[in-house]
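Reading through the structure tokens given below for one structure.
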Amino acid sequence: MTHRDMIVIGGGPAGAATAIRAARLGINVTVFEKGDHGRDKVCGDGLTPRAVGALNDLEIELQEAHQIQGLRMIAGSKTRELDWPETSRFPAHGAVWPRRQLDAALMDAAATAGAELIYNTEVLPDVDADGRCIGVTTPDGKWTADLVVLAAGAQGKAARILGAERDPNEPFGLAIRTYAETPRHADRHIEACLTLQDENGVAVPGYGWLFPAGDGTVNIGCGALSTMKGFKSLNLNKLCDAYRDQMRDSWSLGPYLERPRAWRLPMSAQKRHGPGWVAVGDAAGLVNPMNGEGIDYGLETGMLIADLFNKDPVTATEQYDQLVAERFDSFLRTGRRFSFLIGHQAILRNGLRLAVGTDTIARITLQVMGNLIDSDTPGAAGRIMTVADKLLGIADPLLRRTRAAA
Ligand SMILES: Cc1cc2nc3c(=O)[nH]c(=O)nc-3n(C[C@H](O)[C@H](O)[C@H](O)COP(=O)(O)OP(=O)(O)OC[C@H]3O[C@@H](n4cnc5c(N)ncnc54)[C@H](O)[C@@H]3O)c2cc1C
């Protein structure tokens, strides 16, 4: 039987970051990826300053990525263009980097660091009679490992085996995207339209985006939270078409370059660790409900588990769960509560008007939504987040009880 210190299931940003850091620390690590090298992932391709910071930590060169200076928010007739906030913790710029290239660059870095990468191979966790994950089952037989890292993205078969499915009581998102040519491909601001409506005129909690990629194209798409009324019958293709029609003139958009494709945004997991395993990135339900961002969380949690395993393989899984909780749980919990709040039509409509009402408030909105609050110097955004956490905590039972019927 083949044995490794660490086996990673999935070669997206979370799995690659785990492997890069682990291999650089001298850990014997293999990544199994069911797709090809350079496989695509349905995504907006947007990297916040927080994500750029994580890529810097991994020493990934970003010359090929299109650098982004800030965000343009549109709510009804109001538009506000803001630069990313200056913090001591994160760089002051973001980026747009199509996932084929970003993910290939990460996997190449993992290979350079010494990780073994096995493509076109789907594997599943192997759990013994005591419930310990002891390795993976590959098409060619079983491999064992001291630690299995589930980095398989939005929960599916592998998560079910480990009991790491999403929590059915928590919200999740669905989003769709494609590409189109535009003369504005080199814009330095990404754009988010916060006032999306479905074909019945129901306000959609989510946003439509245009993320210029700097290569002649823009990534166009939209996403919605499961807390909205009529979510189950929401037609994302129609939503995307309507949004494209709305934006066609201002961006001189060409036809879709590929069929729009949709995928899930997991925002919870029933478990993210257990004996012999941890989940990272989307597999751990780590998507920011306020903006749909997940790449950063995958990179950060991948690096974290590699560091902890290197320090002490015995305590790594427990430690990981605790540190992820400290770093992200309160923010993500507030985000999930917020998504129940904006699932209410009237609150969504009025809240949006408020969120972009003045430059100062829009700046705070940007910092809060992007999880760009520096814990050392939290400022107004930090104070607002603390208050929001408390108030949403109190309102949470009511918001859930009165949630829109799907
Ligand atoms: C439409 C849309 C737009 C988005 N826009 C953004 C954005 O602009 N910015 C942002 O930060 N986030 C965005 N997200 C979220 C982001 O795409 C994810 O959070 C991110 O890809 C998570 O990375 P990951 O490595 O955890 O999972 P993934 O990127 O999904 O990678 C998981 C990998 O595991 C492989 N795999 C799965 N099962 C197995 C198995 N059994 N064996 C072997 N391999 C397996 C898959 O092939 C895949 O390559 C968006 C999501 C959607 C749906």
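The values are calculated or read from the model by the stated rules, or taken from the named source; none is laboratory data. Predicted model, so just to flag it, every value in this text is computed and none were measured. Here the Cβ positions follow ideal geometry from the backbone for every residue, glycine too, while neighbour counts run over all protein chains shown.
When every residue of segment 7-21 is checked against the conditions, none turns out to be more than 17 Å from the chain's Cα centre (by Cα), surrounded by 22 or more Cβ atoms within 10 Å (Cβ to Cβ), farther than 22 Å from L194 by Cβ and modelled with pLDDT under 95. Of all residues in segment 48-64 being among the hydrophobic types (A, V, I, L, M, F, W, C) and touching a residue at least 40 places away in the same chain (Cβ under 8 Å), which is nearest to D108 (Cα to Cα)? Step by step, filter segment 48-64, then rank; the result is I60. Please tell me if T79 is within 11 Å of the ligand (Cβ to nearest atom), among the polar types (S, T, N, Q) and either touching a helix residue (DSSP H, G or I) at 6+ places or on another chain (Cβ under 9 Å) or at pLDDT below 95 (or both). Answer is no for this residue. Across segment 260-275, the qualifying residues are those that are assigned to a loop (DSSP other than H, G, I, E, B) and of a type in the set (G, A, S), and the one among them that is nearest to the ligand (Cβ to nearest atom) is A269.
Looking only at residues of segment 228-248 that are among the hydrophobic types (A, V, I, L, M, F, W, C) and closer than 22 Å to L210 by Cβ, we find that the one that is surrounded by the fewest Cβ atoms within 10 Å (Cβ to Cβ) is A242.
Taken over segment 189-215, the criterion of being touching a helix residue (DSSP H, G or I) at 6+ places or on another chain (Cβ under 8 Å) and away from the ligand (no atom under 15 Å from the Cβ) is satisfied by L194, T195, Q197, D198, E199, V202, A203, P205. Which one is surrounded by the most Cβ atoms within 10 Å (Cβ to Cβ) among residues in segment 37-76 that are farther than 30 Å from L354 by Cβ and touching a Phe, Trp or Tyr at 6+ places or on another chain (Cβ under 6 Å)? The extreme case among them is A65.
Residue-level analysis places D128 outside the set of residues that are more than 13 Å from the ligand (Cβ to nearest atom) and either farther than 18 Å from H3 by Cβ or at pLDDT below 95 (or both).
As for segment 108-117, it holds no residue that is at pLDDT below 95, more than 14 Å from the ligand (Cβ to nearest atom) and more than 30 Å from Y243 (Cα to Cα). Applying the set (1) surrounded by fewer than 22 Cβ atoms within 10 Å (Cβ to Cβ); (2) assigned by TED's automatic domain parsing to the domain that holds F309; (3) over 30 Å from D312 (Cα atoms) to L102 leaves exactly one unmet item: (1). Filtering segment 167-193 to residues that are farther than 19 Å from L225 by Cβ and assigned to a strand (DSSP E or B) leaves T178, Y179, A180, E181, H189, I190, E191.
Filter segment 108-148 down to the residues that are without any contact (Cβ under 8 Å) to a residue 24 or more places away in the chain, surrounded by fewer than 17 Cβ atoms within 10 Å (Cβ to Cβ) and not hydrophobic (A, V, I, L, M, F, W, C) and list them by number. D108, T112, D128, T137, P139, D140 - these are the residues of segment 108-148 that are without any contact (Cβ under 8 Å) to a residue 24 or more places away in the chain, surrounded by fewer than 17 Cβ atoms within 10 Å (Cβ to Cβ) and not hydrophobic (A, V, I, L, M, F, W, C).
Checked against the criterion of being buried (at least 19 other Cβ atoms within 10 Å of the Cβ) and either in a strand (DSSP E or B) or under 18 Å from the mean Cα position of the chain (by Cα) (or both), the candidates A158, A164 yield just one match: A164. Being of a type in the set (D, E), in contact (Cβ under 8 Å) with a residue 40 or more places away in the chain and farther than 19 Å from R50 by Cβ is a property that D389 lacks.
Looking at segment 29-52, is at least one residue more than 15 Å from the ligand (Cβ to nearest atom) and either outside the structural domain of A224 (by TED's automatic domain parsing) or among the aromatic types (F, W, Y) (or both)? No, that holds for no residue. Of S233, S268, all but one fail to be at pLDDT 95 or above and out of contact with any Leu (no Cβ under 8 Å at 6 or more places or on another chain); the exception is S268. Return yes when D40 is charged (D, E, K, R) and within 20 Å of G135 (Cα to Cα) and no when it is not. Here the answer is no, as D40 does not meet what is asked. Examine segment 101-118 for a residue that is under 19 Å from the mean Cα position of the chain (by Cα), more than 23 Å from A152 (Cα to Cα) and of a type in the set (A, V, I, L, M, F, W, C), and state whether such a residue exists. There is no residue in segment 101-118 that is under 19 Å from the mean Cα position of the chain (by Cα), more than 23 Å from A152 (Cα to Cα) and of a type in the set (A, V, I, L, M, F, W, C). Remark: pairs (first residue in segment 89-105, under 17 Å from Y119 (Cβ atoms); second residue assigned to a loop (DSSP other than H, G, I, E, B) and more than 11 Å from the ligand (Cβ to nearest atom); Cβ separation under 7 Å; 6+ apart in sequence or on different chains) = Q101/E64; A105/I60. Within the option set G221, G216, being among the small types (G, A, S), under 18 Å from the mean Cα position of the chain (by Cα) and at pLDDT 95 or above holds for one residue only, G221. The one condition from (1) part of a loop (DSSP other than H, G, I, E, B); (2) touching a residue at least 24 places away in the same chain (Cβ under 8 Å) that F211 does not meet is (1).
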